[in-house]
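Heads up: the structure comes next, in structure tokens.
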């Protein structure tokens, strides 16, 4: 079955510290992979996406993610976290053939940033 | 600002009632998607429309229905509401190809 697992429900980091949010997926085909961020009271904003090619993907707000096929992972990273990064982060997986109606979201990781 | 507009932002209603949620997609986007976000189920795909026609159904209850109008705005109709229908309902739109989904800010529905 297709699924996305975000093992960490809550993560707390200090401002300026590095961040890594984990995402593991189970998908039969070559997946499309996404990271979205949701600030309180807001919709989901796309941070970055992976379709093919270079497995290290750069996104907005200084985020990057690395696709590792052997580990079925697509972890999100940021070298130095800002207080404004506090939000909920969602990993999602889809299929080129299935289209976006087959976009499966993880349960999310809530990030808190300490000053 | 994603360009996707959802109204109303908040809706409080009683069990058994019927409500309509509205979504205006980004200019030029032909596809509209509806998602439900709840604490226990997470983000679940409900239904997709493309240029007025239903394209795909996800975990949408029979009490729920949607439509997309000629001006491309969409409405999600929820009827015979139950307490468990309380959730955030998101609309998203995209144009074509590999373009990503753009989400609205959602409608928070509370059923009392």
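No lab work stands behind these numbers, since they all come straight from the coordinates. Only a predicted model underlies this, so the values are computations on that prediction, with no experimental measurement involved. Please note: Cβ atoms are built from the backbone with ideal geometry, for glycine as well, and neighbour counts cover all protein chains shown.
Descriptive notes on the structure:
- Relative contact order of chain B: 37 percent, from C-alpha pairs under 8 Å at least 6 residues apart in sequence.
- Rg ratio (alpha-carbon, reference 2.2 N^0.38 Å) - segment B:1-41: 1.43
- Listed from fewest to most Cβ neighbours within 10 Å, the set A:51, A:74, B:64 follows the order A:51, B:64, A:74.
- 10 Å binning of all Cα-Cα separations within segment B:1-104, expressed as whole percents from 0 upward: 16, 51, 28, 5, 0
- Calculated translational diffusion coefficient of segment B:44-93 (37 °C, 0.692 mPa s; Stokes-Einstein with Kirkwood radius over alpha-carbon pairs) equals 282 µm²/s.
- Number of partner chain Cβ atoms within 10 Å, mean per residue of A:41-51: 5
- Stokes-Einstein diffusion for the protein assembly as shown at 20 °C, viscosity 1.002 mPa s, with a Kirkwood radius from C-alpha pairs, works out to 119 µm²/s.
- Taking every alpha-carbon pair under 8 Å whose residues sit at least 6 apart, chain A reaches a relative contact order of 37 percent.
- Over chain A, the hull volume per residue, using the convex hull of the C-alpha atoms, is 98 Å³.
- Residue by residue along B:31-43, Cβ atoms of other protein chains within 10 Å of the local Cβ number 3 on average.
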